[in-house]
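Here the structure is laid out as structure tokens; the discussion comes afterwards.
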Amino acid sequence: MNTVLKCTTEELMLLVNLCGYPDVAKGIGESSLGEKSEDAWEAVYEGAAHQLMLKEVWDVQKAAENEVPLNKELQTFIHHYVQSQNIIRSANVTTNETLLFHEMPNDKWLMHHVIADLIHEFFFVEESDIEKHILPFSRYNQVEGEALSSFTLTDHQFDLLSKKENLKEVRSLAKLKKEEEAAFDLFVHSIKINDWSLHNSSLLKVDAEAGESSIEEIMFHVPSEYGIWVLNYDEDLVVHASNVSASEFMSMIRSRLLLKQEA
């Protein structure tokens, strides 16, 4: 699999800004580097320009003539990247990595691997290969799952569970059956090992002109000793947690994220 582009956050910001999307560029920077003054952003862009020159991406002659100092192919790539309307996103909080799949023209997909919010790698992939990348990214290969391990929580109880000091309150509010309590205990053990955090996979719908995005679907998940805990909201905002195998997890990814974006 060939790399289409590899760059830092600062370089990606500059490329996006040069192609006419200053607000998107600023959003990329703020999500990684925090808020800065306009002068500070200008300094970031200046440093990124020097790096692009070293990579021979920056066309000095075009810059001197007040043209966009990028070749047409790279400009087209950036336009398609920014204008992608469907994005499938998986976050691995343990490794501080994010894997995104941007839908591109002509039924192509762009895989975007973000490492520590600093390094960005881009690859073209087929839609059928998306799940093949999500499993190893999430470190979920070859897990079997426990089909009978499940429980439900209200959205309020699930929100409370984001902090370990609320565990006792959640147990009291949930009123779980005996078999659900056993499953809940196994789940709590899993999130404790994972530093009391969950991974997530979501489908984002993007309005490039308005500069807005919305989450159409989201799944929370975390590895367990025997499988993968997956948590999904239903239409009544009840959270269903179940322990599944790697193959079942990918079926959920396909039905809830991949197929839904085609609707």
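The values are calculated or read from the model by the stated rules, or taken from the named source; none is laboratory data. Fair warning: this is a prediction, and the values are worked out from it, not measured in the lab. Virtual Cβ from ideal backbone geometry, glycine too; neighbours counted across all protein chains shown. Each accessible area value is taken on the protein alone, full model and side chains, heavy atoms only, with ligands, DNA and RNA left out. Shrake-Rupley method; radii C 1.70, N 1.55, O 1.52, S 1.80 Å.
State yes or no: is PHE158 aromatic (Phe, Trp, Tyr), open to solvent by 60 Å² or more (accessible area, probe 1.4 Å) and in contact (Cβ under 8 Å) with a residue 60 or more places away in the chain? It would help to see each step written out before you state the result.
Working: aromatic (Phe, Trp, Tyr): yes; open to solvent by 60 Å² or more (accessible area, probe 1.4 Å): no; in contact (Cβ under 8 Å) with a residue 60 or more places away in the chain: yes.
For PHE158, the condition - aromatic (Phe, Trp, Tyr), open to solvent by 60 Å² or more (accessible area, probe 1.4 Å) and in contact (Cβ under 8 Å) with a residue 60 or more places away in the chain - is not met.
Which one of these is outside any loop (DSSP other than H, G, I, E, B) and either closer than 28 Å to ILE78 by Cα or open to solvent by 80 Å² or more (accessible area, probe 1.4 Å) (or both): ASN243, ASN200? Give the derivation first.
Working: ASN243 fails: either closer than 28 Å to ILE78 by Cα or open to solvent by 80 Å² or more (accessible area, probe 1.4 Å) (or both).
From the options ASN243, ASN200, the qualifying one is ASN200.
Step by step: first the residues of the stretch 161-171, then only those that are closer than 13 Å to SER197 by Cα and open to solvent by 90 Å² or more (accessible area, probe 1.4 Å), then the one that is farthest from the chain's Cα centre (by Cα). Which residue is that? Spell out how you get there, then give the answer.
The initial filter retains those residues of the stretch 161-171 that are closer than 13 Å to SER197 by Cα, namely 161-164.
Retained after the next criterion (residues that are open to solvent by 90 Å² or more (accessible area, probe 1.4 Å)): 163-164.
On the way: LYS163: 22, LYS164: 24 Å.
Step by step, filter the stretch 161-171, then rank; the result is LYS164.
Quick one: in the stretch 212-231, of everything that is surrounded by fewer than 14 Cβ atoms within 10 Å (Cβ to Cβ) and either in contact with a Gly (Cβ under 7 Å, 6 or more places away or on another chain) or not β-branched (Val, Ile, Thr) (or both), which residue is nearest to MET250 (Cα to Cα)? Spell out the reasoning first.
Pass one, the stretch 212-231, residues surrounded by fewer than 14 Cβ atoms within 10 Å (Cβ to Cβ): 212, 214-215, 225.
Filter again for either in contact with a Gly (Cβ under 7 Å, 6 or more places away or on another chain) or not β-branched (Val, Ile, Thr) (or both), leaving 212, 214, 225.
Numbers: GLU212: 28, SER214: 23, GLU225: 18 Å.
Among residues in the stretch 212-231 that are surrounded by fewer than 14 Cβ atoms within 10 Å (Cβ to Cβ) and either in contact with a Gly (Cβ under 7 Å, 6 or more places away or on another chain) or not β-branched (Val, Ile, Thr) (or both), the one nearest to MET250 (Cα to Cα) is GLU225.
Just the residues that are among the polar types (S, T, N, Q), surrounded by 12 or more Cβ atoms within 10 Å (Cβ to Cβ) and at pLDDT below 90, please, taken from the stretch 99-150.
SER138, SER149
I'd like to know if the stretch 56-73 contains one or more residues that are under 29 Å from GLU131 (Cα atoms), surrounded by 18 or more Cβ atoms within 10 Å (Cβ to Cβ) and touching a helix residue (DSSP H, G or I) at 6+ places or on another chain (Cβ under 6 Å).
Of all residues in the stretch 56-73, those under 29 Å from GLU131 (Cα atoms) come to 73.
Those still in the list that are surrounded by 18 or more Cβ atoms within 10 Å (Cβ to Cβ) too: none.
No, there is no match, as no residue in the stretch 56-73 is under 29 Å from GLU131 (Cα atoms), surrounded by 18 or more Cβ atoms within 10 Å (Cβ to Cβ) and touching a helix residue (DSSP H, G or I) at 6+ places or on another chain (Cβ under 6 Å).
Scan the stretch 180-198 for residues that are under 15 Å from HIS240 (Cβ atoms) and of a type in the set (D, E, K, R) and jot them down. Break it down into steps so the answer makes sense when it comes.
To start, the set of residues in the stretch 180-198 that are under 15 Å from HIS240 (Cβ atoms) comprises 180, 183-184, 187, 198.
Of everything in the stretch 180-198, just one residue is under 15 Å from HIS240 (Cβ atoms) and of a type in the set (D, E, K, R), namely GLU180.
From LYS192, LYS205, LYS178, which residue is touching a helix residue (DSSP H, G or I) at 6+ places or on another chain (Cβ under 9 Å) and open to solvent by 80 Å² or more (accessible area, probe 1.4 Å)?
Numbers: LYS205 fails: open to solvent by 80 Å² or more (accessible area, probe 1.4 Å); LYS178 fails: touching a helix residue (DSSP H, G or I) at 6+ places or on another chain (Cβ under 9 Å).
On inspection, the qualifying residue turns out to be LYS192.
Any idea which residue in the stretch 76-94 is farthest from LEU12 (Cα to Cα), counting only those that are open to solvent by 30 Å² or more (accessible area, probe 1.4 Å) and in contact (Cβ under 8 Å) with a residue 40 or more places away in the chain?
To start, the set of residues in the stretch 76-94 that are open to solvent by 30 Å² or more (accessible area, probe 1.4 Å) comprises 76, 79-80, 83, 85, 89, 93-94.
Still in the running and in contact (Cβ under 8 Å) with a residue 40 or more places away in the chain: 79, 83, 85, 89, 93-94.
On the way: HIS79: 12, GLN83: 15, GLN85: 19, ARG89: 18, VAL93: 22, THR94: 24 Å.
Looking at the filtered set, the residue picked out is THR94.
Being within 19 Å of the chain's Cα centre (by Cα) and without any contact (Cβ under 8 Å) to a residue 60 or more places away in the chain, is that true of even one residue in the stretch 62-73? Before the answer, list the steps.
Going residue by residue through the stretch 62-73, those that are within 19 Å of the chain's Cα centre (by Cα) are none.
Taking every residue of the stretch 62-73 in turn, none turns out to be within 19 Å of the chain's Cα centre (by Cα) and without any contact (Cβ under 8 Å) to a residue 60 or more places away in the chain.
Can you give me the number of residues within the stretch 9-50 that are crowded, with 16+ Cβ neighbours inside 10 Å and not basic (Lys, Arg)?
Here is the first cut: in the stretch 9-50, the ones crowded, with 16+ Cβ neighbours inside 10 Å are 9-19, 21, 24-26, 28-29, 32-33, 41, 44-45, 48-49.
Going one step further and asking which of them are not basic (Lys, Arg), we end up with 9-19, 21, 24-25, 28-29, 32-33, 41, 44-45, 48-49.
Looking only at that region, the number is 23.
Among the residues of the stretch 70-122, write down those that are among the small types (Gly, Ala, Ser) and part of a strand (DSSP E or B).
Restricting attention to the stretch 70-122, the residues satisfying the condition of being among the small types (Gly, Ala, Ser) are 84, 90-91, 116.
Selection gives SER90, ALA91.
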